[in-house]
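Encoded as structure tokens, the structure appears first; notes follow it.
The values are calculated or read from the model by the stated rules, or taken from the named source; none is laboratory data. Just so you know, these numbers come straight off a predicted model, no measurement behind them. Methodologically, a virtual Cβ is constructed for each residue, glycine included, from the backbone with ideal geometry; neighbour enumeration extends over all protein chains shown. Areas reflect the complete protein model, heavy atoms only, side chains present, ligands, DNA and RNA absent. Shrake-Rupley method; radii C 1.70, N 1.55, O 1.52, S 1.80 Å.
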Amino acid sequence: MAGIKALVGLSFSGAIGLTFLLLGCALESYGVYWPMFVLIFYVLSPIPTFISRRLSDDSESSNACRELAYFLTTGIVVSSFGLPIVLARTNTIKWGACGLVMTGNAVIFLTILGFFIVFGGGDDWSWEQW
């Protein structure tokens with residue numbers, strides 16, 4: 001039952017994060033949909049970790065494959081926070097939209113981190129069974 005509660009909580013927080021992203025794009029005073037490109041980063045961010053967990057041995061505390069995956073994931077996350085700032089500095093979007101998108105980014109990436117914490121272990125509730 002704890003796994004179901006965690007899944008519901010993660011889906012709720014993901015919906016809140018996407019709501020902030022959509023508010024940054026769709027409010028009448030902002031009205032520009034360029035910040036939606038951060039959705040690409042949301043899809044790309046867990047991929048290096050999935051690949052490294054599939055390829056690396058769990059016997060070691062740290063290895064090069066896992067460290068490279070953390071490095072690539074960090075680059076993707078930093079890029080997703082940098083894109084709205086660059087768009088706001090070039091006056092493509094307004095600073096209020098940038099703030100909403102950055103809030104949405106924080107919530108979504110904390111949701112992704114929560115997914116890996118809750119379902120990343122090898123016990124009876126893991127992401128492999130979904």
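Structure values in brief
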{"item": "Alpha-carbon spread of the chain, three principal axes, descending order, Å", "result": "52, 36, 17"}
{"item": "Heavy-atom accessible area per residue - the chain, 1.4 Å, Å²", "result": "62 Å²"}
{"item": "Protein accessible area in the chain, 1.4 Å probe - carbon and sulfur %", "result": "70 percent"}
{"item": "Residue list for region 1-29, given a label point 7 angstrom along the Cα-to-Cβ vector of Phe116 and an amide N cut-off under 20 Å", "result": "6-15, 17-18"}
{"item": "Interchain or long-range residues, amide H under 5 Å from Ile93's placed H", "result": "Ala88"}
